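Worksheet for the structure shown next.
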Amino acid sequence: MSRFWKIVLLVIAVLLVAGIGYRMMGGGKQAGDPAQAAGGGRGGGDRARDPVPVTVVAAERRNVPVYVTAQGTVAAYNTVTVSPQVGGELLSVDFKEGQAVKKGDLLARIDPRTFQAQYDQALASQRQNQALLATAQSNYERSNSEAYRQYVAQTDLTTLRNQVAQYQAAVAAAQATANQSRVQLGYTRIVSPIDGVAGIRAVDPGNVVSAGTAIVTLTQLQPIHVLFNLPEQQLDAVRAAQAKGPLEAATLDRAGGSVVNADGKLQVVDNQISATSGTFRLRAEFPNADQALWPGQFVNVRMKLDELPGAVVVPAEAVQRSSTGDFVYLVKPDDTVTLRDVVQGGQVDDSHVVISKGLQPGDKVVTEGQFRLKEGVKVIPLQPGQAPPEPTEAQLKAASEKRGGGGGRGGRGPR
């Protein structure tokens with residue numbers, strides 16, 4: 001055999017091997033594809049036509065309050081640093097740290113002996129001047145009587161009258177000195193000027209204190225203040241709402257959802273806007289009956305400005321988000337769903353939102369099961385908490401047949 005024919009036979013052999021490989025790899029797929037595509041299409045179509053159980057809630061109409069929220073700081077209604085007004089040895093501290101005290105309760109005592117002596121001396125001086133005044137008045141009255149007036153020179157009468165006035169002034173001065181000494185003596189008992197809670201004491205008994213030495217700081221907790229800031233853009237809305245009546249304020253928990261104290265009232269809006277932060281300051285007052293608020297504490301504040309009458313409200317989980325905006329799955333009367341674009345109008349609470357555009361009261365929206373939905377899908381509407389119905393025998397048999405029909409080649413399923 002010539003070399004030419006050897007080359008021809010080699011080329012033919014290569015082509016035959018390539019053809020067989022093509023039929024085994026590519027040709028087999030092409031033969032199986034129509035059946036698989038048909039089976040997959042039927043199975044996928046059937047699954048697409050199966051109703052999807054979803055939780056459905058109807059949009060409702062409510063009167064929705066409009067709130068503004070901010071972070072705030074709790075401040076004591078009154079804070080007083082108790083200091084003595086006289087100096088001396090501190091004999092005792094008559095309160096417990098952290099104790100609730102009432103106005104007038106004894107807090108501490110200073111050695112009163114020096115002040116008691118000064119007061120006694122002032123009283124003795126007052127009594128002495130009162131005796132001198134009584135003598136001068138007696139001399140003047142006797143000399144000015146009808147029986148003795150003709151024997152007393154006018155100059156002597158004038159002198160006696162002036163002596164009476166002089167001792168009257170001396171008695172008044174002694175009385176003032178005695179009053180001052182009594183006040184100083186009273187300062188040796190240090191009492192609470194307010195109702196509040198005592199802090200940690202700053203000085204111990206036995207120390208010599210002077211006027212201005214801090215003994216303890218008292219804070220009044222009932223009522224209590226909460227200070228917070230809002231952006232200047234909201235100033236007009238706050239002032240307009242305040243003009244209609246007192247504004248309600250509440251404190252929320254750390255997560256900002258649950259109300260802790262709901263009995264606050266806006267007390268004052270500050271008279272200037274901060275040029276640095278562009279905010280204005282507000283102060284609300286809370287009764288704080290349970291003392292849940294503590295000075296220096298950071299809280300979330302929510303203040304009610306207005307109320308939207310008849311707003312459309314749906315559960316927050318019904319609203320889905322896409323690149324083009326918010327939407328919901330709306331359930332139509334034939335139990336199919338359609339995508340409906342909506343516009344949110346604000347948060348109602350931690351579970352509902354206002355829909356300002358896109359829905360009407362009574363529209364049914366899907367709140368659970370959205371991940372299996374698309375336009376036109378048939379659904380089984382369920383109430384919140386309701387379980388989907390158990391499949392019937394016919395449905396189970398049809399599902400088994402579909403699984404079997406799509407099993408092996410040639411439509412033969414596993415036995």
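The values are calculated or read from the model by the stated rules, or taken from the named source; none is laboratory data. Fair warning: this is a prediction, and the values are worked out from it, not measured in the lab. Counting neighbours? That spans all protein chains shown, and the Cβs are built from the backbone with ideal geometry, glycine included. For the accessible areas, the whole protein counts, side chains as well, though only heavy atoms, and no ligand, DNA or RNA atoms are used. Shrake-Rupley method; radii C 1.70, N 1.55, O 1.52, S 1.80 Å.
Could you list, in sequence order, the residues of the range 192-208 that are crowded, with 18+ Cβ neighbours inside 10 Å and part of a strand (DSSP E or B)?
Once the filter is applied, which keeps residues that are crowded, with 18+ Cβ neighbours inside 10 Å and part of a strand (DSSP E or B), the range 192-208 yields 196, 197, 198.
Could you please give the count of residues in the range 228-241 that are in a strand (DSSP E or B), hydrophobic (A, V, I, L, M, F, W, C) and surrounded by fewer than 18 Cβ atoms within 10 Å (Cβ to Cβ)?
Result for the range 228-241: 0.
Under the condition of being of a type in the set (A, V, I, L, M) and within 18 Å of residue 237 (Cβ to Cβ), which residue from the range 282-304 is surrounded by the most Cβ atoms within 10 Å (Cβ to Cβ)?
301
Do we find a residue being closer than 27 Å to residue 63 by Cα, touching an Asp or Glu at 6+ places or on another chain (Cβ under 8 Å) and among the charged types (D, E, K, R) anywhere in the range 224-243?
Within the range 224-243 (the criterion being closer than 27 Å to residue 63 by Cα, touching an Asp or Glu at 6+ places or on another chain (Cβ under 8 Å) and among the charged types (D, E, K, R)), the answer is no, since none of the residues qualifies.
Consider residue 244 against the criteria (1) more than 22 Å from residue 350 (Cβ to Cβ); (2) in contact (Cβ under 8 Å) with a residue 12 or more places away in the chain; (3) open to solvent by 30 Å² or more (accessible area, probe 1.4 Å): it satisfies all of them except one. Which criterion is unmet?
Among (1) more than 22 Å from residue 350 (Cβ to Cβ); (2) in contact (Cβ under 8 Å) with a residue 12 or more places away in the chain; (3) open to solvent by 30 Å² or more (accessible area, probe 1.4 Å), the lone unmet condition for residue 244 is (2).
Is there any pair with a first residue in the range 355-366 that is at positive phi and a second that is outside any loop (DSSP other than H, G, I, E, B) and exposed (fewer than 14 other Cβ atoms within 10 Å of the Cβ) whose Cβ atoms are under 7 Å apart and which are 6 or more apart or on different chains, and what are they?
358/341; 358/343; 362/58
Just need a number here: residues in the range 336-360 that are open to solvent by less than 50 Å² (accessible area, probe 1.4 Å) and either farther than 24 Å from residue 388 by Cβ or modelled with pLDDT of 90 or more (or both).
Selection size over the range 336-360: 13.
Restricting the search to the range 242-263, which residues are closer than 16 Å to residue 297 by Cα, of a type in the set (Gly, Ala, Ser) and in a loop (DSSP other than H, G, I, E, B)?
Across the range 242-263, the qualifying residues are 255, 256.
Determine which member of the set 189, 182, 254 is free of Cβ contacts under 8 Å to residues at least 60 places away in the same chain, surrounded by fewer than 18 Cβ atoms within 10 Å (Cβ to Cβ) and of a type in the set (Lys, Arg).
Selected residue: 254, the only one of 189, 182, 254 that is free of Cβ contacts under 8 Å to residues at least 60 places away in the same chain, surrounded by fewer than 18 Cβ atoms within 10 Å (Cβ to Cβ) and of a type in the set (Lys, Arg).
So, of the residues in the range 93-128 that are small (Gly, Ala, Ser) and over 27 Å from residue 170 (Cα atoms), which turns out to be least open to solvent (accessible area, probe 1.4 Å)?
Top of the filtered list is 108.
On the given criteria, is residue 68 in contact with a strand residue (DSSP E or B) (Cβ under 7 Å, 6 or more places away or on another chain) and at pLDDT 90 or above?
no
Could we say that residue 211 is assigned to a loop (DSSP other than H, G, I, E, B) and within 30 Å of residue 293 (Cα to Cα) here?
So residue 211 does not fit the description; no.
Please go through (1) open to solvent by less than 20 Å² (accessible area, probe 1.4 Å); (2) part of a strand (DSSP E or B) for residue 267 and return the number of the only condition it doesn't satisfy.
Unmet condition: (1).
Say we look at the range 76-92 and pick out the residues that are open to solvent by 30 Å² or more (accessible area, probe 1.4 Å) and in a strand (DSSP E or B); which of these is farthest from residue 252 (Cα to Cα)?
By that ranking, first place goes to 89.
Assess whether residue 170 counts as being under 30 Å from residue 105 (Cα atoms), part of a helix (DSSP H, G or I) and touching a residue at least 40 places away in the same chain (Cβ under 8 Å).
no
Can you confirm whether the range 272-281 contains a residue that is surrounded by 12 or more Cβ atoms within 10 Å (Cβ to Cβ), out of contact with any Ser or Thr (no Cβ under 8 Å at 6 or more places or on another chain) and among the aliphatic types (A, V, I, L, M)?
Within the range 272-281, none of the residues are surrounded by 12 or more Cβ atoms within 10 Å (Cβ to Cβ), out of contact with any Ser or Thr (no Cβ under 8 Å at 6 or more places or on another chain) and among the aliphatic types (A, V, I, L, M).
Of the conditions (1) outside any helix (DSSP H, G or I); (2) loosely packed, with under 15 Cβ neighbours inside 10 Å, residue 138 fails just one. Which one is it?
(1)
Name the residues in the range 257-273 that are touching a residue at least 40 places away in the same chain (Cβ under 8 Å) and over 13 Å from the mean Cα position of the chain (by Cα), would you?
Passing the criteria: 267, 273.
Restricting to the range 294-335, name every residue that is farther than 30 Å from residue 262 by Cα, assigned to a loop (DSSP other than H, G, I, E, B) and at pLDDT 90 or above.
The answer is 332, 333, 334, 335.
Testing residue 225 on (1) open to solvent by less than 20 Å² (accessible area, probe 1.4 Å); (2) at pLDDT below 95; (3) in a strand (DSSP E or B), one condition comes back false. Which one is that?
In the conditions (1) open to solvent by less than 20 Å² (accessible area, probe 1.4 Å); (2) at pLDDT below 95; (3) in a strand (DSSP E or B), residue 225 misses (2) alone.
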